[in-house]
Amino acid sequence: MAYYNNYVMVVIFIALGILLPIAALTLGRYLRPNRPTAMKMTTYESGNEPVGAGQVRFNIRYYLFALMFVIFDVETVFLYPWAVAYNHLGLFALIEMLIFVAMLLVGLMYAWKKKVLKWNSR
């Protein structure tokens, strides 16, 4: 019987995870004020009237730069706890971190070789 209690708890958590957001969004829909006007339906851009198309094509390099930043930014977050606990970790952790940093450098060199980091206006 205790074996099935584990599954019952999982089913309850899944049901709550689905039903609570639906209930919150539904309740919010009925409680919020809804008085649309023509002025409220316009696009707001710093108080200026929108000019041109709303869908603008950006160079893929912007996305590559952003992706590279996120990858290296998140990976460097892993260095902080290691540095704080360095005295307690020993030589094995130092070797692991050197391998980790080497893999990051390989990724950086690969991006450099593929000219992902080269910024052109074209």
One finds, for Ala38 and Phe58 with R0 = 30 angstrom and r their Cβ-Cβ distance, a FRET efficiency to the nearest 0.05 of 0.45
From DSSP H assignment alone, runs of 4+ in the chain each adding -39500 (n - 2.57), the sum over residues rounded to the nearest 500 puts [θ] at 222 nm at -22000 deg cm²/dmol
Sorted largest first, the Cα spans of the chain on the principal axes come out in Å as 67, 65, 25
Residues of the range 75-89 with backbone N under 15 Å of the label point set 7 Å from the Cα of Val116 along Cα→Cβ are 75-76
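How large a share of the accessible area of the chain, in percent, is made up of carbon and sulfur atoms when the probe is 1.4 Å and the other protein chains stay in place?
69
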Along the range 105-114, Karplus-curve 3J(HN,Hα) (6.51, -1.76, 1.60; θ = phi - 60°) to the nearest Hz, with x for Gly and Pro, reads 5, 4, x, 5, 5, 4, 5, 5, 5, 7
Here the range 19-35 yields Karplus 3J(HN,Hα) values (6.51, -1.76, 1.60; θ = phi - 60°; whole Hz; Gly and Pro given as x) of 6, 5, x, 5, 5, 5, 5, 5, 4, x, 5, 7, 8, 6, x, 9, 10
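The values are calculated or read from the model by the stated rules, or taken from the named source; none is laboratory data. Everything numeric here is computed off the predicted structure, so don't read it as measured data. Cβ atoms come from the backbone with ideal geometry, glycine included; neighbour counts cover every protein chain shown. Accessible surface areas use protein heavy atoms only, side chains included; no ligands, DNA or RNA. Shrake-Rupley method; radii C 1.70, N 1.55, O 1.52, S 1.80 Å.
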